[in-house]
1. Compute the convex hull volume of the Cα atoms of the range 94-144, divide it by the residue count, and report the result per residue in Å³ as a whole number.
2. Output the peptides 98-104, 21-27, 233-239 sorted from most to least packed, where packing is the average of other Cβ atoms within 10 Å over each peptide's residues.
3. For the pairs 56/118; 118/306; 69/259; 24/122; 112/132; 122/168, note any where the Cα-Cα span goes beyond 24 Å.
4. Hydropathy at least -0.5 by Kyte-Doolittle, axial extent at least 24 angstrom from the Cα trace: which helices of the chain, defined as entire DSSP H runs, fit?
5. Between residue 53 and residue 282, what's the calculated FRET efficiency when r is the beta-carbon distance and R0 is 30 Å? Round to 0.05.
6. Give, rounded to the nearest 20 debye, the magnitude of the charge dipole that the chain has about its Cα centre when Lys and Arg contribute +1 at Cβ and Asp and Glu contribute -1 at Cβ.
7. Could you give the length gained by full extension between residue 231 and residue 156, i.e. 0.36 nm per residue of separation minus their alpha carbon distance, to one decimal place?
8. Taking 0.36 nm per intervening residue step and subtracting the Cα-Cα distance, what contour gain separates residue 206 from residue 247 on full extension?
Amino acid sequence: MAEDPSLSLFDLPSTIYTKTTKGKGRECLAKYSLEPKTTLFSVYPYATCIFDSFKKRLCARCLAAHPTKSFSLHCLGCDQVYFCSHDCADQYLKDHDQGCCDLLRKLATLKKVDRHMKSVAKLVIMIYWQRKNDEGSFGLVHHLESHYDDWSMEMKQDWRRIQDFLWKYLSPLGWLLSHETEVDIMHLVSKVESNGFGIYLENRLDILTGRALYPLASLFNHDCSFNCEVEQWTEEGIEEEQVIVPMDDTQDDHEQQLKVYPSVFSRPRGKYRQMLIRTTTNVQPDQPLTIGYVDTTLPLASRRQKLLQDYYFTCLCQRCVLESQATGASKVKEKRGTAFTLRPVGTGFGWAHMLCFPWPF
Ligand SMILES: C[S@@+](CC[C@H](N)C(=O)[O-])C[C@H]1O[C@@H](n2cnc3c(N)ncnc32)[C@H](O)[C@@H]1O
């Protein structure tokens, strides 16, 4: 295995380095011996998108979720981004120009595309928007793995409306580089699908509310006996925001008081969903650092099928290899990318093509 030269320009955390492998692309390895619960790094997302159905409940900037209802502060231009506090609204809206507003509004009303594709397109827009504001930070996103070249003609056709939409509205905005084509956009779409992480409601790992791209975390390969875990920051100090509303002005009775959350918080509480990756066990120097993309308690065939269906690869981890030798199991029969026809409709996004962490086991 050779040390990966493509990432040498990036400031990787002191705990890890990357190499290219034969079958799994690049992988992260430990630079030195690590004890269990060692935090390897903590990062902010490069870009995020909140699903349309949760846009009023999550702050577009700090990603705090309102505990019970909706935030009221929002962009009057597009009505697509909501904020928990004046601080978040002011900071976010500084860069939220007319182009971004128009694009988000047009996407929200785009017909005949399913929610999954729309949400991927939304994150793609947010990535280009981020790049426009800070081009230097795009490098690691550029290096993420895309499976677009492996997509079947049928899949490419499924995505045609999104491709046409993005190309039609991104090009005139001047957000694309002069040499970038429709195919480059679709490579970014594929990168988002294979490398995006889920944003969940606090303590509700079954409720997925959006997607986020953490390029550094996306360098971690999957292993069915993973040695690292991923944790996302959630809200902090939300309880302090509660206000007491007397139910009946004439009574001082405590029973008659109601505690509610305001629709505008006093300050940001979400910390942008910072992500931590930490070891779960002792790791030796030069040992690959891995995470679990799917429920690793599932049997071999189910794990393989899920990884192929949702992440487009056949798992080559040692556990899978040993288990398949022991059972004589052959490769999964499903073709790549069949997830598009198999996925359940209208059941949320838990199935979606992304590293949904923490996975809702
Ligand atoms: C999130 S990326 C991980 C980093 C990736 N190896 C790279 O070079 O950018 C996920 C991709 O890595 C590869 N991969 C990760 N874990 C793997 C495994 N256990 N077996 C085979 N390929 C794996 C697959 O190509 C997958 O689509």
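1. It comes to 75 Å³ per residue, whole-number rounded.
2. Details: 98-104: 18.7, 21-27: 14.1, 233-239: 16.1.
Highest-to-lowest ranking by the protection proxy: 98-104, 233-239, 21-27.
3. From 56/118; 118/306; 69/259; 24/122; 112/132; 122/168, over 24 Å: 24/122; 112/132.
4. On the way: long enough: 115-133 (27 Å, -0.37).
Flagged H segments are 115-133.
5. Numbers: r = 42 Å, r/R0 = 1.41.
Taking R0 as 30 Å, the efficiency between residue 53 and residue 282 is 0.10.
6. Computed charge dipole of the chain: roughly 1320 debye.
7. Numbers: separation 75, 0.36 × 75 = 27.00 nm, distance 3.32 nm.
Fully extending the segment from residue 231 to residue 156 adds 23.7 nm.
8. Details: separation 41, 0.36 × 41 = 14.76 nm, distance 3.37 nm.
Contour length minus Cα-Cα distance gives 11.4 nm.
Taken together, the values in this text are just the output of simple stated rules run on the coordinates, not laboratory data. Quantities reported herein were computed from a predicted structural model and do not represent experimental measurements. A quick note on method: Cβ atoms are made from the backbone with ideal geometry, for glycine too, and the neighbour counts reach across all protein chains shown.
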